[in-house]
Amino acid sequence: MTRAPDEADVIVVGLGIHGTAAAASLARRGRRVVALERFAPGHARGSSHGHTRMIRRAYPNPAWNEFVDRAFAGWAALEAEAGRRLVHRTGGLYAHRGAARLQGPECVVVDDPGALARRMPGFVVPDGCQAVYDPAAGVLEAAQAIAALRRAAVARGADLRHGVHVRGWEPAASGVRVATDDGVLTASRLVIAAGSWSGRLVPSLAPSLDVWRILTLTVAAGQPAGLPPNLGAFSVDRPEGLVFGLPDAGGHGVKIGVDAGPSWDPEEPPAPATPSEIDELRELLAGYVPGLDTTPVEATACLYTMTEDRRFVIGPLAGAPEVVVAAACSGHGFKFGPAVGEAVADLCDGVPRPDLDFVSTARRGL
Ligand SMILES: Cc1cc2nc3c(=O)[nH]c(=O)nc-3n(C[C@H](O)[C@H](O)[C@H](O)COP(=O)(O)OP(=O)(O)OC[C@H]3O[C@@H](n4cnc5c(N)ncnc54)[C@H](O)[C@@H]3O)c2cc1C
């Protein structure tokens, strides 16, 4: 990449987990990065806020396995750099009816009720369900992780600017011109990691995306019923929406949510949970993890950016190869943060990543 005196090498739009990880990876490679975020650090308008996220190796298709490996390796490297634990390994049980839909290294199907109870005594697997057990699953310290990536980027010279709204971009002779509320910037490459707003900056992507409002409920930490090894990460695959749960690792309390919600315009802040929505989550939690006091200490609303097949959209745009998109993480993208950051940096550098064909822009004709 050539560098003109007043240009960035790369402009990153969005400082959720993926834009922050991309900024860190690019800065580690010596690229001059300017990252633009319209809201304040830690804001609650997108998808990356909150203390915790689930991490797991259990995925529906072996196509994911290498990317999952890269994610686990990336978190281990960040833990070493940050000097603190970011991943609590608790094991995970993923309950389903019929044939198992998840696989992965060391994952096993557990169908005997006694064996299920031994794996995770605190989790009541619904009658008629089996479960996939993933020993590597656990809880990510999400807020700490994003803070560590931010520090890694800034320490290597990345310029992270909050309160700057990107209005549009266009190809320019030397790369890309980006229009913001704060003026026009140019760079050799543009990374669009705009989460639920990605379709606004890449209109050809918009028809593939649906934005959902999602709720989670967290209960008081320190309750024996919610602590590993009594409880690990879990999910229950139900027709009306997959229920996911996190144990009380790292002192953050047990968290529960449902992978379903109404379509939402991201320009509107996600509406807070209503009392009846909170009651519904409490009832689910009481059923799956008996013995917990389900009085909420936190109920959070945030956004999922969904594709129809739940696969991400990562890659350059065919009509503008200097623009790399990292989007549509369909409710399960946080765990891939460092792997997405490295992928974006490779793609900006022109390094082929055929391992990402299964989530590429090209497979969607973009
Ligand atoms: C309730 C909930 C639970 C989840 N649980 C898990 C889990 O257990 N495990 C897991 O792996 N994943 C989970 N996910 C999914 C994961 O959190 C998301 O996939 C991930 O956070 C998406 O990050 P992002 O950076 O793509 O988007 P975002 O975090 O939304 O970041 C995009 C950023 O771009 C900014 N932006 C957009 N447009 C502009 C613009 N024009 N100008 C400037 N800035 C702009 C936005 O303000 C935003 O900050 C969960 C998500 C939710 C909501």
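Read-outs throughout are calculated quantities, based only on the coordinates presented, and are distinct from any laboratory measurement. Since we're looking at a predicted model, the values are computed, not measured. Glycine also receives a Cβ, built like all others from the backbone with ideal geometry; neighbour counts cover every protein chain displayed.
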Cα-based Kirkwood hydrodynamic radius, region 1-89, one decimal, Å: 15.4 Å
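Can you compute the FRET efficiency between Glu106 and Arg151 using 1/(1 + (r/R0)^6), with r the Cβ-Cβ distance and R0 = 30 Å? Round to the nearest 0.05.
Details: r = 32 Å, r/R0 = 1.07.
E(calc), rounded to 0.05, equals 0.40.
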Formal net charge of residues neighbouring Pro207 (Cβ-Cβ distance under 12 Å; K, R +1; D, E -1): -1
Residue (of Cys329, Pro352, Val258) at the positive-pole extreme of region 247-366, dipole from beta-carbon charges: Pro352
For Ala173, net neighbour charge (Lys/Arg +1, Asp/Glu -1) across residues whose Cβ lies under 13 Å away: -2
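State to the nearest 20 debye the size of the charge dipole of region 17-139 about its Cα centre, where the only charges are +1 on K and R beta carbons and -1 on D and E beta carbons.
Dipole size: approximately 600 debye.
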Radius 10 Å from Cβ of Glu268, net charge of other residues (Lys, Arg +1; Asp, Glu -1): 0
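Output the peptides 76-83, 130-137 sorted from most to least packed, where packing is the average of other Cβ atoms within 10 Å over each peptide's residues. Provide the component values of the computation, followed by the final result.
Working: 76-83: 14.1, 130-137: 22.4.
Order by mean packing, descending: 130-137, 76-83.
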Given charges at Cβ of Lys, Arg, Asp, Glu: the chain dipole, positive-most of Ser198, Val297, Val109: Ser198
Region 16-78 versus region 151-169: alpha-carbon centroid distance in Å: 15 Å
Alpha-carbon Debye profile of the chain, log10 I(q)/I(0) at 0.10 Å⁻¹: -0.60
Separation of alpha-carbon centers, region 97-131 and region 260-321, rounded to whole Å: 24 Å
